[in-house]
Each structure stands twice: as C-alpha cells, then as structure tokens.
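One structure is given below, encoded as structure tokens.
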Amino acid sequence: MTEFDPSAALDALLCEYSSRATTIRNTLSDSHSPDSEEQAAQRQNDEVLEALLAEAEEGRHAVGLAKLRLAEGTYGQCLKCAEPIESARLQVLPATAYCLACAEQSAISR
C-alpha cells in the first residue's frame, strides 16, 4: 500500500473539479433549440447543470483552502476541535476540514 500524499491527492481533486466545471460551462454555453418544448426541457437541464457547476466550484474552493492549510502546516487538524482528522477520512475526503465527530455534529445541528 502506498503512503498517502495529501499534496498529490489535492492536486488530483483540483484537476477533477476544474475539468468538471469546464465541461459544465461549455455545455451551458451551447445554444438552445428553437423548438419551445425542447427549449423548456433544455432549460430544466440547465438548472441541474448550474447546481452541478456550483458544487464543482465549491469543491475547488474547499481544495484551495486545504492546500493553504497544507502550506501552513495545519492540514489534517480539525478546524473545530483542533484534534487530528482520521487518516482514513483524509484519504477519502482529502479537502475535509473537520474530523468525523465534528462533521456529524455540524450536520445534526443544521
């Protein structure tokens, strides 16, 4: 098993989010059909694509913040409780800023 490299994982994730955002932007810039029924369906699809684009942009932002934490030497430390984030969690969610307990607590309080 190879050792987890947070910098490489974050770079790969940033590349994935950037690629996704570019593809979605290109699709959104395509012109719509002159047929009004088809155009209505395309506009509904645009709403879904816009939500996916927002998700990709949010992911890029989270990766950027994680890269800053890495540069500052605080990567892997929970922003809420300051305890170390579990290694397995970081491997699955390299941009996460919270340990599992704090993330679950935040989800419950919403």
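The values are calculated or read from the model by the stated rules, or taken from the named source; none is laboratory data. All figures in this text were calculated on a predicted structure; none of them were measured in a lab. Every residue, glycine among them, receives a Cβ derived from its backbone with ideal geometry; neighbour counts consider all protein chains shown.
Could you say whether any residue in segment 39-52 is among the basic types (Lys, Arg) and loosely packed, with under 14 Cβ neighbours inside 10 Å? There is at least one residue in segment 39-52 that is among the basic types (Lys, Arg) and loosely packed, with under 14 Cβ neighbours inside 10 Å.
Residues checked against (1) among the small types (Gly, Ala, Ser); (2) modelled with pLDDT under 95; (3) within 21 Å of Ser7 (Cβ to Cβ):
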| position | (1), (2), (3) |
| --- | --- |
| Arg69 | no, no, yes |
| Cys78 | no, no, yes |
| Cys81 | no, no, no |
| Ile85 | no, no, yes |
| Ala88 | yes, no, yes |
| Leu93 | no, no, yes |
| Thr96 | no, no, yes |
| Cys102 | no, no, no |
| Arg110 | no, yes, no |
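For segment 55-66, the criterion of being surrounded by 13 or more Cβ atoms within 10 Å (Cβ to Cβ), under 18 Å from the mean Cα position of the chain (by Cα) and of a type in the set (Val, Ile, Thr) is met by at least one residue. Residues of segment 70-92 that are crowded, with 18+ Cβ neighbours inside 10 Å and either among the polar types (S, T, N, Q) or at negative phi (or both): Tyr75, Cys78, Ile85, Leu90.
This table checks each residue for (1) of a type in the set (A, V, I, L, M); (2) part of a helix (DSSP H, G or I); (3) without any contact (Cβ under 8 Å) to a residue 12 or more places away in the chain.
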| site | (1), (2), (3) |
| --- | --- |
| Ala9 | yes, yes, no |
| Leu14 | yes, yes, no |
| Leu90 | yes, yes, no |
| Pro94 | no, no, no |
| Ala103 | yes, yes, yes |
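The set of residues in segment 78-88 that are more than 17 Å from Gly64 (Cα to Cα) and either part of a loop (DSSP other than H, G, I, E, B) or touching a Ser or Thr at 6+ places or on another chain (Cβ under 7 Å) (or both) comprises Lys80, Cys81, Ala82, Glu83, Ile85, Glu86.
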